[in-house]
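Just below is one structure, and these are the notes that go with it.
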Amino acid sequence: MKYKPLPFNLFPPKILLALSKPFTGFGKIVSAGFPFLEIDLIQSEIGYNIRQYSAIICFQFLFYFIIFTLITFLLGLRFKASYLYIIAPTVGAILAMLIILQLLVYPKILVNRKVRETEANLGFALRAILIQTR
């Protein structure tokens, strides 16, 4: 199956699916919280089913949480920040959540883009049909 690229994704689709496989259980919980996501995934033709996409979301959260926490922690050590053990995970969680929110709305963005393209071409198609019927 052909998979569309996802935003903020650093891995090829096959590797991403393999890495996110252990998060399928968490993905089931996430998918239950977002009932609109399955319809958007089907309409956007991304190629992932709801369980795969939810597992990818969980994996991406953990991945970016670790990355941003480490970066914040190292920057805090460099600049001798106080309360570093509280600030680093908080910044990591906030930035990871922003990426996850983007991933949650990404299928809807693709669907809206397809609808806009269809509506833009609808007038020309109707005009062509009108000319052919005359």
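Where a number appears in this text, it was derived from the coordinates with a stated rule and is not lab data. Bear in mind the structure is a predicted one, so any value in this text is a computation, not a measurement. Every residue, glycine as well, gets a Cβ built from its backbone with ideal geometry; the counts of neighbours run over all protein chains shown.
Quick look at the values:
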read-out	value
Selection count where residues are touching a helix residue (DSSP H, G or I) at 6+ places or on another chain (Cβ under 7 Å) and either among the basic types (K, R) or at positive phi (or both), scope the range 102-129	1
Some residue of the range 39-62 being farther than 28 Å from K114 by Cα, without any contact (Cβ under 8 Å) to a residue 60 or more places away in the chain and among the β-branched types (V, I, T)	no
Condition met for A128 (buried (at least 16 other Cβ atoms within 10 Å of the Cβ) and part of a helix (DSSP H, G or I))	no
Any hit, the range 49-68, residues being of a type in the set (A, V, I, L, M, F, W, C) and farther than 28 Å from P22 by Cα	no
Which numbered condition G76 misses (of (1) free of Cβ contacts under 8 Å to residues at least 12 places away in the same chain; (2) buried (at least 16 other Cβ atoms within 10 Å of the Cβ))	(1)
Meets criteria (in a helix (DSSP H, G or I), within 17 Å of the chain's Cα centre (by Cα) and of a type in the set (A, V, I, L, M)) for L110	yes
Number of the exception - M97 against (1) in contact with a Phe, Trp or Tyr (Cβ under 8 Å, 6 or more places away or on another chain); (2) among the hydrophobic types (A, V, I, L, M, F, W, C); (3) buried (at least 16 other Cβ atoms within 10 Å of the Cβ); (4) touching a residue at least 24 places away in the same chain (Cβ under 8 Å)	(3)
Residue list for the range 8-22, restricted to those being within 17 Å of I100 (Cβ to Cβ) and surrounded by fewer than 20 Cβ atoms within 10 Å (Cβ to Cβ)	F8, N9, L10, F11, L19
